[in-house]
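Please read the structure below before turning to the comments.
The values are calculated or read from the model by the stated rules, or taken from the named source; none is laboratory data. This structure is a prediction, so every number in the text was calculated from the model and none was measured. So basically every Cβ, Gly included, is an ideal-geometry build from the backbone, and we count neighbours across all protein chains shown. Just so you know, the surface numbers come from the protein's heavy atoms only, side chains and all, with ligands and any DNA or RNA stripped out. Shrake-Rupley method; radii C 1.70, N 1.55, O 1.52, S 1.80 Å.
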Amino acid sequence: MFSLLSYGRLVARAVLGGLSQTDSRDYSLITASCGFGKDFRKGILKKGMCYGDDACFIARHRSADVLGVADGVGGWRDYGVDPSQFSGTLMLTCERLVKEGRFMPSSPVGILTTGYYELLQNKVPLLGSSTACIVVLDRQSHQLHTANLGDSGFLVVREGEVVHRSDEQQHYFNTPFQLSIAPPEAEGAVLSDSPEAADSSSFDVQLGDIILTATDGLFDNMPDYMILQELKKLKNTNYESIQQTARSIAEQAHELAYDPNYMSPFAQFACDNGLNVRGGKPDDITVLLSIVAEYTD
């Protein structure tokens with residue numbers, strides 16, 4: 001029979017053994033981007049990181065790596081407003097907040113909220129609307145924290161399978177949740193959601209996990225199984241390989257968007273809502289492809 005002292009020693013060894021197996025390394029994201037504006041300017045960036053009316057950013061801070069994508073609502077063009085200005089400025093503002101350290105890794109919705117309210121406080125109103133998705137990797141805790149408003153989103157892939165994904169937020173068909181700034185006379189008539197309405201999640205990630213963050217131009221044209229097929233081409237964690245795979249994914253989505261005979265995820269969703277639709281969905285496409293790796297300063 002064990003004495004209390006012997007039992008205590010066994011427990012201590014088990015605890016210490018578990019602690020010794022804890023991964024104390026800092027993690028980081030190796031990220032590449034690619035995108036296409038639906039006006040066929042393939043892979044051409046506007047000022048900042050914008051593909052058409054989409055925008056994105058990749059920011060590094062000592063405590064975290066942070067990614068963001070946003071999709072400007074094209075309907076504003078009918079009123080003489082450039083939709084890319086809102087999404088682009090929102091992402092640039094979020095990027096600046098990260099680089100200045102004005103954020104908590106565990107609260108990506110805080111980044112989105114602060115960025116949006118800075119836009120609201122501009123002396124000259126910046127009119128427009130946008131969806132947004134923010135992804136934060138906490139280096140020390142190895143946790144991924146996410147906030148997604150609308151129909152942009154992310155996938156986390158491990159060993160060839162999707163282990164986490166964002167939930168799409170729609171008011172009704174093809175009308176996603178969105179941040180908006182409208183002229184005073186149109187307030188209440190323009191759809192506008194609070195950044196706090198973003199769907200938030202937190203979970204552990206592992207070295208080698210693949211994180212794909214993108215606007216709806218990707219997800220509306222490529223189902224998961226096609227994306228996973230493309231990700232099989234990713235053979236290592238060097239930037240060149242990640243960039244090549246990101247481009248391959250964006251190119252395939254862009255081609256499918258203009259195939260009139262292809263039954264795209266968007267067309268399937270439209271049919272589910274009683275509409276007779278077939279083909280891809282021409283749209284701006286932004287892809288951020290990341291791999292979780294050991295942090296190197």
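Points to keep in mind about this one:
- The value of relative contact order for region 217-271, using C-alpha pairs under 8 Å at least six residues apart, is 52 percent.
- Cleavage-rule hits, GluC sites (Glu not before Pro), region 140-212, DSSP coil, Cβ neighbours within 10 Å at most 12: E159, E187
- The amide H of D54, built 1.01 Å from its N in the peptide plane, has G72 as neighbours under 5 Å, considering only residues 5 or more places off or on other chains.
- Average accessible area per residue (Å²) across region 45-155 - probe 1.4 Å, nucleic acids and ligands excluded: 37 Å²
- Degrees separating the helix 108-120 axis from the principal Cα axis of the chain, which is the longest one: 30 degrees
- Spatially close Lys pairs in the chain, defined by Cα atoms under 18 Å apart and a spacing of eight or more places or different chains, total 4.
- Positive dipole terminus of the chain, leading residue within T175, F203, Q140 (C-beta point charges): Q140
- Size of charge dipole - the chain - debye, nearest 20, with Cβ of Lys, Arg +1 and Asp, Glu -1, no other charges: 940 debye
- Loop-resident trypsin sites (Lys or Arg not before Pro) (DSSP state other than H, G, I, E or B) in region 49-121 with no more than 10 further Cβ atoms inside 10 Å of their Cβ: R62.
- When +1 charges are put on Lys and Arg Cβ atoms and -1 charges on Asp and Glu Cβ atoms, the dipole computed for region 180-297 relative to its Cα centre reaches about 600 debye.
- Gain on full stretching of the segment that runs from M226 to S106 - 0.36 nm per residue minus C-alpha separation: 40.1 nm
- Database remark: amide H of R139 closer than 5 angstrom to the amide H of A64, D65 (H placed geometrically; neighbours at sequence offset of 5 or more, or on other chains; Pro and chain starts carry no H).
- Per-residue Karplus couplings for region 96-105, computed as 6.51 cos²θ - 1.76 cosθ + 1.60 with θ equal to phi - 60°, are listed in order as 4, 4, 5, 5, 7, x, 8, 7, 10, x Hz, Gly and Pro entered as x.
- Each Cα pair under 8 Å and six or more residues apart adds its sequence gap; the mean of these over the residue count of the chain is a relative contact order of 22 percent.
- Surrounding net charge for R60, when Lys and Arg each add one and Asp and Glu each subtract one, Cβ distance under 14 Å: -2
- Comparing C50, C271, C94 in a Gaussian network model of the chain (Cα springs below 10 Å), the most mobile by mean-square fluctuation is C271.
- For V163, distant residues with modelled amide H under 5 Å away: V156, V157, R158
- Each residue of region 53-64 is assigned a 3J(HN,Hα), and the resulting list reads 8, 7, 9, 7, 8, 10, 10, 10, 10, 4, 9, 6 Hz, derived from the Karplus form 6.51 cos²θ - 1.76 cosθ + 1.60 (θ = phi - 60°), x at Gly and Pro.
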